[in-house]
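Presented below is the structure to which this report refers.
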Amino acid sequence: MTRKLILFAAAGAFAAAGASLHAADAKANWDKHCAACHGKDGAGKAAMKTKDYTKADVQAKMTDEEILKAIKDGVPNSKMKKGYSDKLTEQEIKDQLAFIRALAK
C-alpha cells in the first residue's frame, strides 16, 4: 500500500511540474511575442488599440477558436497582420490561449 501511495504522489508531482513548465513557457512566449503590443499584464495599449485581456467582458466576446486563429494567422486590418504559426508550435499556441484566458480578472 505504501509503495502505491509513493508512486501516486510521484506521478502527481511530475504532472504538476509539467503543468508549471507549460505556464512558464507561455509566459516567456507572451513576453517575447505579445507583451510589446498587448502589455506585459495583458491590459493592452490604447495607442495600439489592443484589447484589454484582463477584463472578463472583453474575453467573453471572443471564442477560443477566434483567439487561436488570431495567434496562428494574425488579424487582418491590424498591426498583427502576421500570426505566429511559424514561430510557435501547436502546443505553444494552445498554451498562449490558456495564458490569455488566465489574464481575466
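The values are calculated or read from the model by the stated rules, or taken from the named source; none is laboratory data. Please read all numbers here as calculations on a predicted model, not as lab measurements. Methodologically, a virtual Cβ is constructed for each residue, glycine included, from the backbone with ideal geometry; neighbour enumeration extends over all protein chains shown.
Odds and ends about this structure:
- Residue ID - farthest from the chain's Cα centre (by Cα), chosen from residues in region 42-58 that are farther than 20 Å from residue 27 by Cα and either assigned to a helix (DSSP H, G or I) or acidic (Asp, Glu) (or both): 47
- Residue pairs meeting the criteria (Cβ under 9 Å; at least 6 apart or on separate chains; first touching a residue at least 40 places away in the same chain (Cβ under 8 Å), in region 62-87; second assigned to a helix (DSSP H, G or I) and among the polar types (S, T, N, Q)): 84/29; 84/96; 87/29
- When the test is whether a residue is at pLDDT 95 or above and surrounded by 11 or more Cβ atoms within 10 Å (Cβ to Cβ), residue 32 passes it.
- Residues in region 65-78 that are within 21 Å of residue 28 (Cα to Cα) and out of contact with any Leu (no Cβ under 6 Å at 6 or more places or on another chain): 69, 70, 71, 72, 73, 74.
- Conditions (1) in contact with a Cys (Cβ under 6 Å, 6 or more places away or on another chain); (2) surrounded by fewer than 14 Cβ atoms within 10 Å (Cβ to Cβ); (3) not acidic (Asp, Glu); number of the one not met by residue 50: (2)
- Scope region 34-57; condition closer than 13 Å to residue 100 by Cα and in contact (Cβ under 8 Å) with a residue 24 or more places away in the chain; matching residues: 34, 41, 42, 53, 54, 55, 56
- Within region 59-105, the set of residues being outside any helix (DSSP H, G or I) and of a type in the set (Gly, Ala, Ser) comprises 74, 78, 83, 85, 104.
- Scanning region 48-74 for residues that are among the aliphatic types (A, V, I, L, M) and modelled with pLDDT of 95 or more returns 56, 58, 60, 62, 67, 68, 70, 71.
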